[in-house]
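A quick write-up on the structure given underneath.
The values are calculated or read from the model by the stated rules, or taken from the named source; none is laboratory data. Since we're looking at a predicted model, the values are computed, not measured. Glycine also receives a Cβ, built like all others from the backbone with ideal geometry; neighbour counts cover every protein chain displayed. To get the accessible areas, we keep the full protein, side chains included, count just its heavy atoms, and leave off ligands, DNA and RNA. Shrake-Rupley method; radii C 1.70, N 1.55, O 1.52, S 1.80 Å.
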Amino acid sequence: MKLTSGDIANIVEGTLSGNPDLIVNDLVTDSRQISLTGEMAFFAIPGRNHDGHTFIDSLYDKGVRVFIVERLPENNYRLEEASIITVRNTIEALQLLAAERRKAFRSPVIAITGSSGKTIVKEWLADVVGMTTPVIRSPKSYNSQIGVPLSVWMLDEKYKMAIIEAGISLPGEMEKIRKVVDPDIGILTNIGDAHSENFRNNEAKAREKLKLFRNVSRLIYCSDQDLVRKLIRKDKEFLKKEIIDWSCENRNASVFVKITNRDTGKTSLEMTHKGIVHDFIIPFSDGASVENAITVASSCLALGIDPAVINRGLSGLVSVAMRM
């Protein structure tokens, strides 16, 4: 999906100065990531420590020709070959552009959020699903107001499934992310105390995260989490969806999980789904990894993946290097 600078100006509701016919194929927000400058657009985002507007001159000298800005450069007269699109807010413009990309993607989009485990579940799920299906995933932990639209921009019809990770740090952010991702399937890892400083309590944080799944057709989560279970079961909108809950306590859950053996470095699982018992082995024994692997296995069962493929994928899981 290639767009012209004129197309982008229309989509982001910006004012265009310069050539409307420059082709854009890649988006970048970090001047340090500039390597291949052909068909690239730079979003000048002001931040606490750096302002993207200050790098426009140097990027122009490196060959970048399309810029989305909140204010015109003082010396824009020397940028005579550039297309400069002025908008009210460059992050919102980035989100609008990514949302347009999402509309063109016809394959299922899975969104993952939670207090912890998002990146691990995303990576592991993509590894297992990718054994049989071309899948695109968010790079690293691109789960912010900027990272999510950059992830969505990578969507391409050669992929038959997308897995997007989403995180928030403030109330009101998830609704913006939802409009960008527009997921078909939702996965909630858990709700805990991580990243709670801007939320009144865990219930407020859980309500905010669940906004991501407002329009999904299927939601996957652990119903052993009392807070989340109550919020979902009391919400009329969620009652209309296909709920796939996994539990180690409730035999009536969609996926009932029994840990049959846990040794150092390895755990055996017995997972019952639609009356059929599946035996899986995962190469981890710590609680967090086991929980994340169960979420992945439950998601794969819900997606209808062959249990033999799931078992092969789970047995080959490796630790994910986390950004600390």
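Of all residues in region 286-313, exactly one satisfies the criterion of being small (Gly, Ala, Ser), in contact with a strand residue (DSSP E or B) (Cβ under 9 Å, 6 or more places away or on another chain), under 15 Å from residue 120 (Cα atoms) and open to solvent by 10 Å² or more (accessible area, probe 1.4 Å), namely 289. Only one of the numbered conditions (1) in contact (Cβ under 8 Å) with a residue 60 or more places away in the chain; (2) among the β-branched types (Val, Ile, Thr); (3) in contact with a Ser or Thr (Cβ under 7 Å, 6 or more places away or on another chain); (4) outside any loop (DSSP other than H, G, I, E, B) is not met by residue 180, and that is (3). Selection of region 179-189 for residues being open to solvent by 20 Å² or more (accessible area, probe 1.4 Å) and out of contact with any helix residue (DSSP H, G or I) (no Cβ under 7 Å at 6 or more places or on another chain) yields only 184. The single condition among (1) under 23 Å from residue 155 (Cα atoms); (2) surrounded by fewer than 17 Cβ atoms within 10 Å (Cβ to Cβ); (3) under 26 Å from the mean Cα position of the chain (by Cα) that residue 38 does not meet is (3). Evaluated against (1) open to solvent by 70 Å² or more (accessible area, probe 1.4 Å); (2) out of contact with any strand residue (DSSP E or B) (no Cβ under 6 Å at 6 or more places or on another chain), residue 258 falls short on exactly one condition, (2). Within region 119-161, being in contact (Cβ under 8 Å) with a residue 60 or more places away in the chain and within 19 Å of residue 316 (Cα to Cα) holds for 119, 120, 121, 123, 124, 125, 127, 128, 129, 131, 132. Within region 8-36, no residue that is closer than 10 Å to residue 83 by Cα sits with its Cβ atom under 6 Å from a residue that is hydroxyl-bearing (Ser, Thr, Tyr) and at pLDDT below 95 at 6+ positions apart or across chains.
Checked against (1) buried (at least 24 other Cβ atoms within 10 Å of the Cβ); (2) closer than 30 Å to residue 225 by Cα, residue 85 passes all but a single condition, namely (2).
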